[in-house]
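Read-outs: derived from the displayed coordinates by stated rules, not from any lab. It should be emphasised that the depicted structure is a prediction, and the values quoted were computed from it without experimental measurement. A quick note on method: Cβ atoms are made from the backbone with ideal geometry, for glycine too, and the neighbour counts reach across all protein chains shown.
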Amino acid sequence: MKIYFEELKMKEDDEPMINLLSSDGHIVSVPKYVATVSQTIAQLFERVSVSREDHTPIPLYEVDYNSLKKIVAWMIQHSQSSSQINDNASHEARHDGKANCIRDWERVQFECEERNDLFRLMNAANYLDIQPLTKATSAFVAEKLQSMTVDEARDYLNLVDDFTPEERERIRKETMWAEPVMNP
């Protein structure tokens, strides 16, 4: 199966299309300027000369088709978005206690994702070295975790509670200073 994103507004008429091969054998064709949002792919192009006629797919061994489609859609939106976050801006200017490094359109997309799909997307973004997407997905998960209890967070992250009741009590006593003080 092959998907083309030919409806994209090209930056230049001669912008080459790049074929990306997912780990499960699907090919997705995108313009080079979209594909090179990924630093992994951009660095590949710096090292290897790819001509317009070369349609050999670039294998992405750690990215399944479902994640690749979502990443390509994100890269397209990111490339065409006029509300880019300035990576040179100070941390305080970009964060107001909430992860406002997540754009509204990203938040809508992430909220529609199942937990496992979101984690696959986050891992694929990390593998492809797409820092803005990695940061946005990580911030989204962090926001979700802030409103969860320890047990809910453990379940969400699929972590096993391997502490004995005695260990839990010892840790609770050692960290009592960190618990909020309640007024009687």
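Rule-of-thumb check for region 106-175: C-alpha Rg over 2.2 N^0.38 Å? Working shown, then result.
Values: Rg = 15.3 Å, N = 70, 2.2 N^0.38 = 11.1 Å.
With N residues counted in region 106-175, Rg over 2.2 N^0.38 Å equals 1.39.
Within region 105-170, which GluC sites (Glu not before Pro) sit in a loop by DSSP and count at most 11 neighbouring Cβ atoms inside 10 Å?
Values: sites: Glu106, Glu111, Glu113, Glu114, Glu143, Glu152, Glu166, Glu167, Glu169; in loops: Glu113, Glu114.
Taking region 105-170 and a limit of 11 other Cβ atoms within 10 Å, the loop GluC sites (Glu not before Pro) found are Glu114.
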